[in-house]
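The block underneath contains the structure these notes are about, expressed in structure tokens.
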Amino acid sequence: MFSAFFRDLRTEFAGYNADKLLKDVMAGLTVCAVALPLALAFGVSSGASAAAGLVTAILAGVVIAILGGASYQVSGPTGAMSAVLIGIVAQYGLQGVFFACFAAGVLLLAAGLLKLGRLIGFIPMPVIMGFTSGIAIIVALGQVDNFFGTVSEGSSNLEKLTSYARLGFHPNLQTVLIGALVVAVMLVWPKKWGAKVPGSLIGIIAATALAAALGLDELAVVGDIPRTLLLSDRLHLGSLSLDMLSDLISPVVTIAALGMIESLLCGASAARMKSEPFHADQELIAQGVGNILLPFFGGVPATAAIARTSVAIKSGQQTRLTSVFHSVFLLASMFLLGGVMARLPLSALAGVLMVTAWRMNDWAGIRYIFVHRFKSAISQFLVTMLATVVFDLTVAIILGVIYSAILYVARSSRIHVAFSTIDGNRLRYDVGKSPILDSAGVVYVTGSLFFGAVDEFNHRLQDIPEEDHLILSLRGMPSVDVSGAQAVLELCQRLLAKGHTIRDLDLTISIQGKPIDPNSNNALEGLTKGDAQVVVKVGDTNYVLDGDGKIDGVELKTIQIEATYTTKTATNFVVLIKVRNEDGRSTTPLKSADGLTYEILRKVNGSFDGKVYATGSLTYTGRTATDKFGDECGVFTASYGPLSNIGGTYFIQMYEYGVALKTENS
């Protein structure tokens with residue numbers, strides 16, 4: 001992992017020169033202009049201080065960027081994280097936040113070392129959209145007091161909202177004026193200008209200047225900005241204890257989960273923007289190291305931020321030094337503009353966060369699922385969003401994933417069973433032998449057969465017509481679990497007990513690699529729900545379900561057709577055929593066409609039209625050839641006349657002793 005990281009660094013800085021350095025410096029300056037108001041705002045909204053937000057942005061911009069999994073990631077405090085931290089501060093204080101940040105960093109580091117970055121792929125997009133919108137609501141609700149100048153009580157946003165009924169809601173006009181001015185500037189600021197100078201920075205400057213010009217003395221302000229990276233409020237080693245860890249397990253998991261999700265989603269999105277690879281596990285390691293260090297300086301948890309990352313890319317970012325330069329400029333701002341930033345109105349920062357909360361929503365994705373009325377996606381979105389607001393992020397993600405899994409299982413449990421009677425006039429007879437399939441039919445099963453579909457499978461197979469011989473066609477069954485395999489075996493045993501003859505020419509059932517006899521009463525003896533070795537293979541091996549390999553005493557060969565070459569005109573075609581041996585693995589080339597025939601069928605719009613367009617027998621050429629798997633096969637040829645000049649896809653249906661062996665797309 002680390003050798004790959006250093007190799008990527010060499011590739012990233014290959015050919016680095018003064019021109020690229022200048023582009024990184026200018027991109028870093030632009031990102032600083034975006035990050036400065038956000039760092040101040042997120043520091044305050046997290047329940048810490050504006051200085052804590054600045055320290056977080058500065059240190060994360062250096063440490064996480066240098067160790068990160070891509071050249072373009074810019075990390076720092078985010079609105080989503082501040083929404084989580086405000087509740088932790090209210091319950092555990094700043095030391096609780098610092099300790100949770102440290103422990104979450106350890107979890108992220110472990111996740112990266114264990115290569116768990118791919119786990120993000122198991123969270124459905126509607127769930128991610130839902131908790132992002134839920135976080136946006138929390139961010140907005142958390143700024144109501146700062147934006148309107150009101151007072152509320154409670155440790156959660158819902159408690160604060162309900163407290164207005166008791167305390168009253170009395171907005172301060174000066175505060176509302178300043179907040180509204182920032183919102184208006186951010187909304188009307190042209191996007192093309194925002195690429196160079198963000199509207200949030202202009203809005204804060206305008207609001208601060210207006211407050212000073214009008215002498216608005218009722219405004220709450222940011223307060224003193226220390227000119228140091230080592231804040232007085234920071235994590236002390238003496239405060240670490242197992243008791244605190246037990247109390248903060250839920251917040252720690254929440255911070256780690258949010259850090260993983262935000263950082264990996266940001267990386268994946270930015271990778272598409274810049275067409276560069278993104279190494280998720282290395283990014284988790286970087287996020288872990290960064291969040292372990294931050295609380296010792298007084299910083300709050302950081303994640304990769306899509307707003308700053310996208311600005312960096314659009315500003316001509318070349319390497320990860322863009323993030324480092326953005327931190328350098330933020331540090332300069334802290335020392336040079338600390339006095340000015342101390343007088344920034346909190347309502348101005350609240351205005352920035354109100355607009356940021358609105359923009360956090362994936363409006364394009366939300367609009368798409370609602371316009372197209374994707375009911376399952378809409379329900380996943382709403383369930384996760386409400387759970388995020390009412391509970392916390394960890395519970396919301398778990399509920400969203402579980403709900404999505406239930407929906408998937410419900411959809412996947414729909415299994416289709418169809419029955420088709422075999423026309424006896426089309427079956428082959430051997431001289432001196434009686435017809436082998438006087439009354440026969442084929443049962444076609446389509447869909448995954450697992451525990452959720454077993455009841456539907458059993459229900460549909462109750463109506464199988466009474467036939468002397470049945471062929472189970474399971475080529476449409478892509479997967480099966482233990483419950484499904486047991487249902488197939490029990491079906492076969494019930495039908496055999498009634499005197500039916502059963503053939504399944506597509507199915508191999510094995511446990512731990514060994515074929516099992518479906519007629520055996522103890523075939524599943526010792527099998528538990530934890531066994532994962534039950535496999536149903538379609539098309540590779542033809543397993544004879546009555547165990548003797550014969551139909552009415554006539555030996556049934558196992559045929560595997562490797563390739564066919566045909567056209568719709570009069571033509572010859574070639575078939576490579578090998579016989580699967582009894583061991584289930586090795587093969588032998590077939591060198592006899594005895595009893596082997598074919599039919600040309602046609603499929604239109606996904607279904608066979610029921611007509612036979614050509615029939616005939618195969619001829620063994622007397623030679624063999626190697627197939628694509630390296631196995632020796634017998635070479636057979638046949639020919640047929642011109643087919644009707646109509647559309648559709650033609651198939652070769654192979655028969656031996658009147659039994660369909662395999663249908664090949666030609």
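Hey, among Leu177, Leu173, which residue is surrounded by 13 or more Cβ atoms within 10 Å (Cβ to Cβ) and either without any contact (Cβ under 8 Å) to a residue 40 or more places away in the chain or within 30 Å of Phe391 (Cβ to Cβ) (or both)?
Leu177
So that you can scan it fast, the table gives a plain yes or no per residue for (1) in a helix (DSSP H, G or I); (2) open to solvent by 40 Å² or more (accessible area, probe 1.4 Å):
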residue	(1), (2)
Ser152	no, no
Leu161	yes, yes
Tyr164	yes, no
Phe169	no, yes
Leu181	yes, yes
Trp193	yes, yes
Ala211	yes, no
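On the basis of being at pLDDT 85 or above, over 19 Å from the mean Cα position of the chain (by Cα) and within 20 Å of Ser200 (Cα to Cα), does Leu386 make the cut?
no
All but one of (1) buried (at least 24 other Cβ atoms within 10 Å of the Cβ); (2) closer than 21 Å to Arg308 by Cβ hold for Ile120; state the number of the condition that does not hold.
For Ile120, the exception is condition (1).
Every residue in the stretch 230-255 that is in a helix (DSSP H, G or I), free of Cβ contacts under 8 Å to residues at least 12 places away in the same chain and either farther than 18 Å from Leu293 by Cβ or among the small types (Gly, Ala, Ser) (or both), please.
Of everything in the stretch 230-255, those that are in a helix (DSSP H, G or I), free of Cβ contacts under 8 Å to residues at least 12 places away in the same chain and either farther than 18 Å from Leu293 by Cβ or among the small types (Gly, Ala, Ser) (or both) turn out to be Gly238, Leu242, Asp243, Ser246, Ile249.
Would you confirm whether any residue within the stretch 232-241 is touching a Leu at 6+ places or on another chain (Cβ under 6 Å), of a type in the set (Ser, Thr, Tyr) and at pLDDT 85 or above?
no
Residue by residue through the stretch 294-332, note down the ones that are open to solvent by 10 Å² or more (accessible area, probe 1.4 Å), small (Gly, Ala, Ser), at pLDDT below 90 and in a helix (DSSP H, G or I).
Passing the criteria: Ala307, Ser310.
Only residues in the stretch 145-158 that are closer than 24 Å to Leu173 by Cβ count as the first member; pair them with residues that are of a type in the set (A, V, I, L, M, F, W, C) and in a loop (DSSP other than H, G, I, E, B), Cβ under 6 angstrom, at least 6 apart or cross-chain, and list the lot.
From residues that are closer than 24 Å to Leu173 by Cβ, the pairs are Thr150/Phe169.
Part of a helix (DSSP H, G or I), free of Cβ contacts under 8 Å to residues at least 40 places away in the same chain and under 42 Å from the mean Cα position of the chain (by Cα): is that true of Ser133 in this structure?
No; evaluated as a whole, the condition is false for this residue.
Can you tell me which of Arg320, Arg373 is charged (D, E, K, R) and closer than 28 Å to Gly290 by Cβ?
After applying the criteria, what remains is Arg320.
So, Ser479, is that one at pLDDT 65 or above, of a type in the set (S, T, N, Q) and in contact with a Phe, Trp or Tyr (Cβ under 8 Å, 6 or more places away or on another chain) or not?
Criteria met by Ser479.
Counting residues that are open to solvent by 20 Å² or more (accessible area, probe 1.4 Å) and either among the basic types (Lys, Arg) or within 30 Å of Gly149 (Cα to Cα) (or both), which helices (runs of 4 or more DSSP H) fully inside the stretch 336-401 reach at least 3?
Output list reads 346-360, 375-390.
Residues that are touching a residue at least 40 places away in the same chain (Cβ under 8 Å) and open to solvent by less than 20 Å² (accessible area, probe 1.4 Å), at least 3 per element: which helices (runs of 4 or more DSSP H) completely within the stretch 1-86 meet that?
18-45, 50-67
Look at Ile285 and say whether it is β-branched (Val, Ile, Thr) and either part of a loop (DSSP other than H, G, I, E, B) or open to solvent by 20 Å² or more (accessible area, probe 1.4 Å) (or both).
So Ile285 does not fit the description; no.
Check Leu108 against each of (1) open to solvent by 60 Å² or more (accessible area, probe 1.4 Å); (2) outside any loop (DSSP other than H, G, I, E, B) and name the one condition it does not meet.
(1)
The values are calculated or read from the model by the stated rules, or taken from the named source; none is laboratory data. The model shown is predicted, which means the values in this text are computed figures rather than measured ones. Heads up, the Cβs are rebuilt from the backbone with ideal geometry, glycines too, and the neighbour counts pull from every protein chain shown. These accessible areas exclude ligands, DNA and RNA; they are computed on the full protein's heavy atoms, side chains included. Shrake-Rupley method; radii C 1.70, N 1.55, O 1.52, S 1.80 Å.
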